[in-house]
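Participant: Would you mind keeping the following structure in view while I ask a few things?
The values are calculated or read from the model by the stated rules, or taken from the named source; none is laboratory data. All figures in this text were calculated on a predicted structure; none of them were measured in a lab. Cβ atoms come from the backbone with ideal geometry, glycine included; neighbour counts cover every protein chain shown. Surface accessibility is based on the protein's heavy atoms, side chains included, excluding ligands, DNA and RNA. Shrake-Rupley method; radii C 1.70, N 1.55, O 1.52, S 1.80 Å.
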Amino acid sequence: MEKQKERMLSMRKKTIGEVLRLARINQGFSLDELQQKTEIQLEMIKAMETDDFDQLPSPFYARSFLRKYAWAVELDERIVLDAYDSGSMITYDEVDVDEEELSGRRRTSKKNRASFLPLFYFILFALSILIFVTYYVWSYIQNQPEPPYISNYSVVRETSSTSSASQNSSSSSSSSILESAISVSGEGNYVEVAYKTNQETAKIQLAVSDARSWISVSDSELAGGVTLSPDNKSSQTTVSTKDPVTVTLGVVKGVVLTVDNQTVDLSKLTTPTGTVTIKFTKN
């Protein structure tokens, strides 16, 4: 009976900040370690853990930072974002933990936690939110946009010949030249770019003329974000093509995105802010 009572006490509704903090502690991360993993400023992390979302630049950045935080501590980002959008609390099946008590044994037990704690945590978490599954699934289906019209285009590098002899040689060698193609799908505040390339890296450049926009590119030196303006018109970085990257645009209008000097069609981004996911595939 006492164990059941303790179980019922632990299954209580918590704020977003409480859930984030407990998840971080359960994963064994200090604030500094989480800052290094997410590349979010330490003040912003503390603001989210104390539910002081007014300290964040805007609701758009709040959602972006919450998504990164949830990913880092292995939380379901949809649940966190739904709670933020609706201003509600989250049912969290986890007892409160003293962060100072865990700090002394965090390093020595990290290997065991890495193999056992995540599975144990997700099982308990799944049981505690079982009664909410129907609502979230229904809400997710209702919010899905109609199948978008997919616009495809490709940019192919061409070689020129200077003589009939070079034409013959170029025709035989053109088959060995790597072709690359870009296709864009999606609409609203999110589009997905499929980029075919045989290269190990790709150069991503963002530029503005008269606009002003905060931008970021995940898994790159621009992951922390930078502001483009008429005084700082462009920024570029090189990313690995092994994994997808996410480009976040604080302001869509007036921003030009290129991948390996190939312009990406952003006309399907019809909202003031937007997100572009670039996925790389082999030719």
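Participant: Considering only the stretch 193-225, state which residues are β-branched (Val, Ile, Thr) and buried (at least 17 other Cβ atoms within 10 Å of the Cβ). Working first, answer last.
Facilitator: From the stretch 193-225, those β-branched (Val, Ile, Thr) are 193, 197, 201, 204, 208, 215, 217; that's our starting set.
Val193, Thr197, Ile204, Val208, Ile215, Val217, listed by residue number.
Participant: Moving on. The conditions are (1) modelled with pLDDT of 80 or more; (2) more than 17 Å from the chain's Cα centre (by Cα); (3) open to solvent by less than 60 Å² (accessible area, probe 1.4 Å), and Gln55 fails exactly one of them. Which is it?
Facilitator: (3) is the only condition that Gln55 fails.
Participant: Here's another thing I want to ask about it. Pairs only if they're at least six apart or on different chains, beta carbon under 8 angstrom, first in the stretch 71-89 and part of a helix (DSSP H, G or I), second aliphatic (A, V, I, L, M) and open to solvent by 20 Å² or more (accessible area, probe 1.4 Å); list them, first residue then second.
Facilitator: Every condition considered, the pairs that remain are Ile79/Ile129; Ala83/Met89.
Participant: Right, here's the next one. In the stretch 223-269, how many residues are among the β-branched types (Val, Ile, Thr) and part of a loop (DSSP other than H, G, I, E, B)? Step through it out loud before you land on a result.
Facilitator: So in the stretch 223-269, the residues among the β-branched types (Val, Ile, Thr) come out as 226-227, 237-239, 241, 245-248, 251-252, 255-256, 258-259, 263-264.
Narrowing the set further to residues that are part of a loop (DSSP other than H, G, I, E, B) leaves 241, 251-252, 264.
The number of residues fulfilling the criteria is 4.
Participant: Here is a list of conditions, (1) closer than 20 Å to Ser183 by Cα; (2) of a type in the set (Asp, Glu); (3) under 20 Å from the mean Cα position of the chain (by Cα), and Glu221 meets all of them except one; can you say which number that is?
Facilitator: (1)
Participant: Picking from Asp265, Asp231, Asp260, which residue would you name as being surrounded by fewer than 20 Cβ atoms within 10 Å (Cβ to Cβ), farther than 23 Å from Gln199 by Cβ and of a type in the set (Asp, Glu)?
Facilitator: Values: Asp265 fails: farther than 23 Å from Gln199 by Cβ; Asp260 fails: farther than 23 Å from Gln199 by Cβ.
Result of the check over Asp265, Asp231, Asp260: Asp231.
Participant: Among the residues of the stretch 22-45, count how many are farther than 18 Å from Val226 by Cα and touching a residue at least 40 places away in the same chain (Cβ under 8 Å).
Facilitator: Of the residues in that region, 9 qualify.
Participant: Given the conditions (1) open to solvent by less than 20 Å² (accessible area, probe 1.4 Å); (2) touching a helix residue (DSSP H, G or I) at 6+ places or on another chain (Cβ under 9 Å); (3) free of Cβ contacts under 8 Å to residues at least 60 places away in the same chain, which single one is not true for Thr248?
Facilitator: The one condition Thr248 does not meet is (3).
Participant: Please go through the stretch 22-36 and pick out each residue that is part of a helix (DSSP H, G or I) and surrounded by 15 or more Cβ atoms within 10 Å (Cβ to Cβ). Before the answer, list the steps.
Facilitator: Applying the first criterion (part of a helix (DSSP H, G or I)) to the stretch 22-36 yields 22-26, 31-36.
Result: Leu22, Ala23, Arg24, Ile25, Asn26, Leu34, Gln35.
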